[in-house]
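Read through the structure below, which is laid out as structure tokens, and then see the notes.
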Amino acid sequence: MDPDVPLKHARDHVRMGLKVAAQQHMEENFKENAEPKKADVSNSTLSTVPFDSLDVLKETKRAIKEVFGYTLMSKAQAECIPVALQGHDCFVKARTGNGKTLGFLIPAFERLTVGQVSVVVIVHTHSLEDQTLEQATKLLKFRSDIRVGTTKQSASRLCGCEVIIATPGTLKKYLNDTAFALRFSSAQVVVLDEADQLLSSFSGDIKTILSACPNRSQTLLFSATLQETTQKMLSSILQPDYKLVDTVPDGEGASNVQVKQQVLLVPPEMLFQSLFDVIMKAKSCKSSKVMVFLPTVRLVQTLFELFKTLGLEDVYEMHSKVSDGHRRVVVEAFSSLGRGQVMMASDMSARGVDYPDVTHVLQIGPVNQTEGKLSDYHHRIGRTGRGGKPGTAITILGTDEIKYLAAIEKEIGMELERISNNPVGAYKSTLKVLGWNNKALFTAMDKRFLVPGLGLVMRPEYSDKELKKMNIPRSALE
């Protein structure tokens, strides 16, 4: 059959073969990555240091053992908690999912004084505020004399709390209340969780808050990343003898090493079709839980509405425009032990919040490259691979966005694994039906299928190894 004449039947047959090959590839990929695996011991986040070795209150040790059920500290906790317990101001750089919340709560709670505001923890979202409150409440299980509040309460109610967990905007507003400001001035420890984000987006509010507690004895900053702009601000926030505690091993990036980082390059017009296909394959694995990061709130809303219109269940949306009530419902539902769930999210869910057992993180389009924002890549994929568990992060980019891939790889210090379907393999299986030889195959690919049919600019190059595996001579390409 001459490939230069119209071959509608043959074209449909080849397309079907390509579709089947693509489906098999994606199913195998997600089956491999979604099945529970035992984490490699070398990648374990746990240290050999027991919590019992810490010089902290017996009530704290009891809560760690009986409420949290922990015996050993994570490697990050083993490095930062002893330093913080010595009373030093600290900037702690720790990967996501390595127990940083307890890393600052344990030393901070050693400085609690009944009857006065003692510890202030500042976070950047209400979701993280809720999560930190939950952790603090557990840690204080056997300290009935200590009260914890958040900025969801009124300023007058917070005046009676020893621990305040707050978002910066609301806390700054409360400082206009004279009675609250007077009580707040007694704070001894101030913690900035996700310090990079707070100091880049709320620097004015943070300066106002810190100036309102001038007698504090310790300031603790925690973040998975440390941008140059943040580093320049440290001298104005921390004491001159502050400690920089970098818990990330030398030669490794800010992302957890047990997360498989991949990229899928597709023609621009196929971006959302590819995203849809990847989501559906992931959702079909009952052991999977998927987070999808999209560049704008409107895009999150649009894709969520599309999925709901299609009648799909266990799909959620999370962004800045949802109400507090809706957000709490979504957090509770997505944090449950169910599987096959999908959350469409903006970057408000990329930092700090711990959703258990997320197996896949998908993100579409380039990462914002304004100063400090490329680190969002680390925070997004940090929603999976938490606590030493394996995970998969897939970035979907258009072929015209290849320069952004280079920027990401420069940021993380490694190449992302390229994943794609091998169209030649699918075509190869159709040769007998079509009556083509190898040369006719590549001629048809160039003239009909890969370029006009699939929207590619040109036929992809194949290595000698790939061609040998498919039993296709190099001369077939000439």
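Out of curiosity, is residue 175 closer than 25 Å to residue 89 by Cα and crowded, with 16+ Cβ neighbours inside 10 Å? So residue 175 fits the description; yes. Restricting attention to region 264-282 and to residues that are within 23 Å of residue 379 (Cβ to Cβ) and under 20 Å from the mean Cα position of the chain (by Cα), the residue that is surrounded by the most Cβ atoms within 10 Å (Cβ to Cβ) turns out to be 282.
Rundown of residues vs (1) outside the structural domain of residue 225 (by TED's automatic domain parsing); (2) at pLDDT 95 or above; (3) buried (at least 23 other Cβ atoms within 10 Å of the Cβ); (4) within 26 Å of residue 217 (Cα to Cα), yes/no style:
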| position | (1), (2), (3), (4) |
| --- | --- |
| 28 | yes, no, no, no |
| 32 | yes, no, no, no |
| 37 | yes, no, no, no |
| 59 | no, yes, no, yes |
| 81 | no, yes, yes, yes |
| 85 | no, yes, no, yes |
| 96 | no, no, yes, no |
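Among the residues of region 322-336, those identified as within 16 Å of residue 133 (Cβ to Cβ) and in contact (Cβ under 8 Å) with a residue 12 or more places away in the chain are 324, 327, 328, 331, 335. Applying a threshold of 7 Å to beta carbon distances and a minimum spacing of six or more residues, or different chains, the list of pairs starting in region 167-191 at a residue that is outside the structural domain of residue 203 (by TED's automatic domain parsing) and among the aliphatic types (A, V, I, L, M) and ending at one that is surrounded by 15 or more Cβ atoms within 10 Å (Cβ to Cβ) and part of a loop (DSSP other than H, G, I, E, B) is empty. Selection of region 199-231 for residues being small (Gly, Ala, Ser) and touching a Ser or Thr at 6+ places or on another chain (Cβ under 7 Å) yields 200, 212, 224.
Regarding residue 113, is this residue among the polar types (S, T, N, Q) and under 20 Å from the mean Cα position of the chain (by Cα)? Judged against the criteria, residue 113 is not a match. Scanning region 168-189 for residues that are small (Gly, Ala, Ser), under 32 Å from the mean Cα position of the chain (by Cα) and closer than 20 Å to residue 111 by Cα yields a count of 1. Cβ separations smaller than 7 Å between residues 6+ apart or across chains give the following pairs from region 393-412 residues that are in the same structural domain as residue 377 (by TED's automatic domain parsing) and in a helix (DSSP H, G or I) to residues that are polar (S, T, N, Q) and at pLDDT below 80: 407/369; 412/255. Consider region 298-340 and keep the residues that are at pLDDT 85 or above and in contact with a His (Cβ under 8 Å, 6 or more places away or on another chain). The one that is surrounded by the most Cβ atoms within 10 Å (Cβ to Cβ) is 300.
Being under 30 Å from residue 240 (Cβ atoms) and within 25 Å of the chain's Cα centre (by Cα) is the requirement here; does residue 192 meet it? Considered against the rule, which asks whether it is under 30 Å from residue 240 (Cβ atoms) and within 25 Å of the chain's Cα centre (by Cα), residue 192 comes out as yes.
Screening residue 114 against (1) modelled with pLDDT of 75 or more; (2) surrounded by 12 or more Cβ atoms within 10 Å (Cβ to Cβ); (3) over 30 Å from residue 393 (Cα atoms) leaves a single unmet condition, (2).
The values are calculated or read from the model by the stated rules, or taken from the named source; none is laboratory data. Only a predicted model underlies this, so the values are computations on that prediction, with no experimental measurement involved. FYI the Cβ positions are ideal-geometry reconstructions off the backbone, even for glycines, and counts take in every protein chain you see.
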